[in-house]
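Enquirer: After the structure tokens below, expect a handful of questions from me.
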Amino acid sequence: MNTTIRSLIMIIFGITMLSSCTTNTEPSGSATLLPLSEISNNAGYSWFEAEKAIYQPDDSKIREISESYKNKNQKIYFFVNPSCSCDGTKKHFPHAIRILKDAGIPDDKIVIYSMKSHTDNHPLMDRFQLRGLPTIFITVNDNEKCRMEVINGKLYVSGNGKDKDSSETKIDEILAKGFSW
């Protein structure tokens with residue numbers, strides 16, 4: 001009996017975790033602007049600081065990003081799901097933030113929207129169409145230069161006339177390319 005109850009609890013927990021990563025075809029709510037300084041105070045992002053701290057980016061990629069950033073009017077936009085167990089949110093998002101902060105990108109150039117689904121309404125819908133979460137945009141003078149988006153568990157990157165599956169590429173390499181395109 002005890003094993004049955006334990007199994008039932010694990011099944012319910014598993015279904016709950018998996019359903020948090022699904023997306024609807026209709027808007028399910030609105031995105032919330034989340035300043036970088038408030039992430040650690042947000043219960044949905046309790047995992048963020050630990051994941052950011054353990055990531056060790058490539059120093060040469062950090063230097064490339066820092067040098068590329070100094071030459072352009074760039075901004076980075078993140079659209080993320082706070083408590084999703086998806087690898088894209090739990091890995092790419094905090095790793096990207098670590099890379100940007102190590103490269104010296106100021107907080108006011110990093111814009112984060114927290115949302116439950118990529119179909120949620122957000123204030124930049126006229127500029128950015130989302131196909132999955134997380135999605136990261138690098139802009140120059142408010143024009144999209146690079147897009148990184150996780151769709152069905154795969155990371156896709158588009159920019160410089162290219163669109164490809166980049167699931168096997170490290171996020172620091174992708175960001176360095178995105179800043180240099």
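Enquirer: State which residue pairs qualify: first residue over 9 Å from F79 (Cβ atoms) and inside the stretch 129-152, second residue buried (at least 22 other Cβ atoms within 10 Å of the Cβ) and among the polar types (S, T, N, Q) in any location, beta carbons under 8 Å apart, and separation of 6 or more residues or different chains.
Expert: Filtered contacts from the stretch 129-152: R147/T135; M148/T135; V150/T89; V150/T135.
Enquirer: Kindly evaluate D108 against the criterion of being in contact (Cβ under 8 Å) with a residue 24 or more places away in the chain, open to solvent by 70 Å² or more (accessible area, probe 1.4 Å) and more than 16 Å from the chain's Cα centre (by Cα).
Expert: No, not satisfied.
Enquirer: Against the conditions (1) open to solvent by less than 60 Å² (accessible area, probe 1.4 Å); (2) at pLDDT 90 or above, where does W47 fall short? Just the number, please.
Expert: Answer for W47: the failing condition is (2).
Conditions (1) more than 21 Å from Y156 (Cα to Cα); (2) open to solvent by less than 20 Å² (accessible area, probe 1.4 Å); (3) at pLDDT 90 or above, marked per residue:
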residue: T25; (1), (2), (3): no, no, no
residue: L33; (1), (2), (3): yes, no, yes
residue: I54; (1), (2), (3): yes, no, yes
residue: H92; (1), (2), (3): no, no, no
residue: L100; (1), (2), (3): no, yes, yes
residue: N121; (1), (2), (3): yes, no, yes
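Enquirer: Something else about it: Check every one of the strands (runs of 3 or more DSSP E) wholly within the stretch 70-181 and list those with 2 or more residues that are touching a helix residue (DSSP H, G or I) at 6+ places or on another chain (Cβ under 9 Å) and more than 19 Å from N42 (Cα to Cα).
Expert: 74-80, 135-140, 143-151, 154-159
The values are calculated or read from the model by the stated rules, or taken from the named source; none is laboratory data. Keep in mind the model is a prediction, meaning the values are calculated, not measured. Quick reminder, even Gly has a Cβ in these numbers, built from the backbone with ideal geometry, and neighbours come from all protein chains shown. Note: accessible area is taken over every heavy atom of the protein model, side chains too, but ligands, DNA and RNA are not part of it. Shrake-Rupley method; radii C 1.70, N 1.55, O 1.52, S 1.80 Å.
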